[in-house]
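What follows is a set of notes on a single structure, which appears directly below.
The values are calculated or read from the model by the stated rules, or taken from the named source; none is laboratory data. This is a predicted model, so every value here is computed, not measured. Neighbour counts are summed over all protein chains in view; Cβ atoms, including those assigned to glycine, are modelled from backbone coordinates with ideal geometry.
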Amino acid sequence: MPHENYQACIDACNACAVACNHCAASCLREQNVDEMRKCIALDMDCAQICAFAAAAMSRDSPYAKEICQLCSRVCDDCGTECAGHETQHCQDCAKACQQCAQACQSMA
């Protein structure tokens with residue numbers, strides 16, 4: 001099956017999507033939610049592109065490499081933003097983003 005070639009990247013994308021969705025939801029519960037707007041927006045974008053990238057790889061899309069290149073960029077941006085916040089959910093998200101960006105870069 002073609003998607004088996006991408007399994008590590010698919011797994012990293014799925015893990016990142018989960019971390020980003022959790023981070024966005026957790027940021028919305030922070031007392032300083034106004035200060036978390038950029039983080040929340042990037043979390044939502046990152047979760048969506050990660051899910052899209054995983055789906056593209058799963059079906060061996062001819063656009064998978066290009067999608068993963070964009071996914072890597074979004075993960076880098078999201079990870080950088082999250083790393084700047086001290087909350088555990090942001091730190092966990094930053095780590096997942098870094099791992100996904102590396103996996104997508106390797107795949108692309």
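Entry remark, the stretch 19-51: residues being out of contact with any Cys (no Cβ under 9 Å at 6 or more places or on another chain), closer than 14 Å to Gly79 by Cα and not charged (D, E, K, R) number 2 in total. Within the stretch 29-68, the set of residues being among the small types (Gly, Ala, Ser), under 12 Å from the mean Cα position of the chain (by Cα) and surrounded by 21 or more Cβ atoms within 10 Å (Cβ to Cβ) comprises Ala47, Ala53, Ala54. Scanning the stretch 1-56 for residues that are modelled with pLDDT under 95 and β-branched (Val, Ile, Thr) turns up just one, Val33. Checked against (1) surrounded by fewer than 18 Cβ atoms within 10 Å (Cβ to Cβ); (2) touching a helix residue (DSSP H, G or I) at 6+ places or on another chain (Cβ under 9 Å); (3) in a helix (DSSP H, G or I), Glu4 meets all criteria but (2).
Selection within the stretch 49-83: residues that are among the polar types (S, T, N, Q) and in contact (Cβ under 8 Å) with a residue 24 or more places away in the chain. The member of this set that is farthest from Cys104 (Cα to Cα) is Ser58. Checked against the criteria, Leu28 does not count as within 21 Å of Ala108 (Cβ to Cβ), of a type outside the set (Lys, Arg) and in contact (Cβ under 8 Å) with a residue 12 or more places away in the chain.
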